[in-house]
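Beneath this line is the structure, given in structure tokens, with notes to follow.
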């Protein structure tokens, strides 16, 4: 069983032309599950791709267990310990599920065929694809393809597991199983989970990082993120004017995120999502100011 | 990386792209089988020439492999593995090379097996196997490079036919020699091989191209993966490739385009301009080198061919020519032997008619076999028709009669030829009707009577001085 990787990110910046996708990021990632949250364009995928050694940063550096991603020799060492599920997952359509995971396992230097095949079977079992091992990838649904992607990411027992939108296309039951799987993996590894789904983060992450326009706006635990919204969540008969967010619930009352909207408003226990919405809303305000 | 190479090879071996080419080549080779007498050396040449159809399929298969990561979107998954691009692409390169070579080898082996089952004998030229395989491997590598560099399915689809046409387009002799497929290999003989023989230099030339393209592809892959390519092996491969291309190419260019075989000794293989005078000399005959030793026949006519064609071919030729030979049997200077030679047909040597190996191998229309025999029998080859003869050549009339009486052509065909021209029947007369009409008149008579009436006039007939009116059946 792999132990987790220690990831250190110092002053990380990435520019695409004149646009800064990441700006001066400093982070330390320890064994456990780190959720990357942020709206579209926040820089989550860019950060994941830099961590995956696919993109070279414009500034700063990434070290994994002390290996510098900028060094070609170190990069190979990082890749030896890396599992990666990209957001836009591509598979070889003519390969079977088993062949494809096996192929990538070979590229991940699992050289002993018997051991490799055992690991491939275990990975497929973990994502409940063992019965479809002989199916051609072109015949799979989106959710099944996503599970193949997860299987190839975990097949070599990586220390650092990077998952970019892993639950896209999974049904609720599969998402629940995926959370169980990730929770188990995160006990020993460093898992970075980029997602739009706050409930995934709330369910399994030990750390959460909220990105906004390439900057870290929050880094801490999910409960810490939730606590940011303490005293900021209300049940009100009226729409909250000037609130960060407000929406009508099934009881007919409004859930208001922000200052107390009215004297009749009653406080509600916050969720991680409330904390996230508060962070992004404040970031938007700061940016506007 | 052998495991990757195996997986890739397994997939390539199942790729319809490659097998489209193999199927086309097999179909084309099967067509050749229908018309050519089986022998292993010509069969190996057919496999080689038709096998280049595989190259289009190899380009497609290579191109698809070259662009697969990009088109499928799996490039990132592959890139984040610790396997360096150079190692990965080396594995892919070897797999595509092995499968492409295997596809050609399969066609080659199947062609030889079918030929052997049909009775083909002799020794196939294994250099054709190596050359054809290298040509197909080069095609696959070119496809892989095109696919990798373009990343475009459209370009990949077009690459196959474009590459095939580029290789097949007949340019000047140099261009044809420097093509990955040697299309100008003749004349070829089961006994003497290719004259001139471009195969060794072409093999070196192709190997050099494979090394150059392979080294280029690996370097590009390594650079694309942000890896600094290891200079030494790439340099060695590139330099070796350049040397082989240079030496092989120079030798190919230096070879004469074609040589005429005037004898078994290579000193007797002459450029066409030099050989023309020799061949036009009626007294020229290919020397008896004792190689045509598979014989069949009887006292009227015996045919001898090279052993690779077996006595069966000699029997078949005899079946075609003997009915004609019987019509004239016993008359002075009528040949009693047909001998296979590696040069052109129709030379007469005493009682022997020399027939080109390619003519006998392809067993064209019966007239192409019986015609040269009759030319020798009637003295045509020794004393050509004087030009401007207004009455037609009396020997042509007898020749046409013999062809019809021997069953080689029908009277109707003869009649039609009288209107359209006699060259297809091997006659040279400038006035078809002047020779066809006497031939048809002789055809009305029993063959024995024609022969009996020709016998006292035979010498004058062979000299071309017999008046047409003295032929049997002519009205005064």
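Rule-based calculations on the coordinates, nothing more; no lab input. This one's a predicted model, so the numbers in the text were calculated from it and none came from an experiment. A quick note on method: Cβ atoms are made from the backbone with ideal geometry, for glycine too, and the neighbour counts reach across all protein chains shown.
Assorted remarks:
- DSSP beta bridges confined to chain B are antiparallel in about 60 percent of cases.
- Normalised contact order of the stretch A:136-189, rounded percent, pairs of Cα under 8 Å and 6 or more residues apart: 40 percent
- Principal-axis tilt of helix B:16-35 within chain B, Cα atoms, nearest 10 degrees: 10 degrees
- 10 Å Cβ neighbours from other chains, averaged over peptide B:79-91: 5
- For A:88-96, mean number of other protein chain Cβ atoms within 10 Å: 5
- Descending principal axes extents, chain B, alpha-carbon based, whole Å: 100, 41, 39
- Mean-position separation - Cα centroids, the stretch A:1-52 and the stretch B:267-302, in angstrom: 84 Å
- Its DSSP H runs of at least 4 residues, each contributing -39,500 (n - 2.57), put the calculated 222 nm mean residue ellipticity of the protein assembly as shown at -16500 deg cm²/dmol, to the nearest 500.
- Residues in the stretch B:457-476 that a label on residue B:444 would reach, taking backbone N under 20 Å of a point 7 Å out along Cα→Cβ: B:467-476
- Neighbouring partner chain Cβ atoms per residue of B:9-20, average, 10 Å criterion: 1
- Mean separation of Cα pairs under 8 Å and 6 or more residues apart, divided by the residue count, gives chain A a relative contact order of 21 percent.
- Global geometry of the stretch B:96-243, whether rounded, prolate or oblate, following the gyration tensor of its Cα atoms and the 1.5 cut on a/c: prolate
- For the stretch A:1-119, fraction of C-alpha pairs farther apart than 22 Å, in %: 43 percent
- At an R0 of 25 angstrom, the distance between the Cβ atoms of residue A:131 and residue A:183 translates into a FRET efficiency of 0.60.
- Using a cutoff of 8 angstrom between alpha carbon atoms and counting only pairs six or more residues apart, the relative contact order for chain B works out to 12 percent.
- Bridges between two residues of chain A, per DSSP, are antiparallel at a rate of about 60%.
- For peptides B:332-343, A:43-54, B:110-121, sequence by mean Cβ density within 10 Å, most packed first: A:43-54, B:332-343, B:110-121
- For chain A, convex hull volume per residue from C-alpha positions, Å³: 138 Å³
- Cα-based radius of gyration for the protein assembly as shown, normalised by 2.2 N^0.38 Å, reads 1.50.
- Zone of residue A:264's modelled label, taken as backbone nitrogen in the stretch A:222-255 under 18 Å from a point 7 Å along Cα→Cβ: A:234-243, A:246-255
- Computed from Cα atoms, the angle from the helix B:231-254 axis to the main principal axis of chain B rounds to 10 degrees.
- Inter-part distance where the stretch B:78-140 and the stretch A:103-144 are each reduced to a Cα centre, Å: 30 Å
- Counting DSSP beta bridges with both ends in the stretch A:160-250, the antiparallel % (nearest 5): 50 percent
- A protection proxy built from the mean count of other Cβ atoms within 10 Å ranks the segments A:63-73, B:59-69, most packed first, as B:59-69, A:63-73.
- In this entry, the stretch B:266-377 is assigned a mean projected area of 6.9 nm², taken as a quarter of its C-alpha convex hull surface.
- In chain B, the longest principal axis of the Cα atoms and the axis of helix B:432-443 are about 70 degrees apart.
- Calculated FRET efficiency for the pair residue B:166/residue B:295, C-beta based, R₀ 45 Å, to 0.05: 0.45
- Cα-Cα separations in the stretch A:198-289 greater than 15 Å, expressed as whole percent: 59 percent
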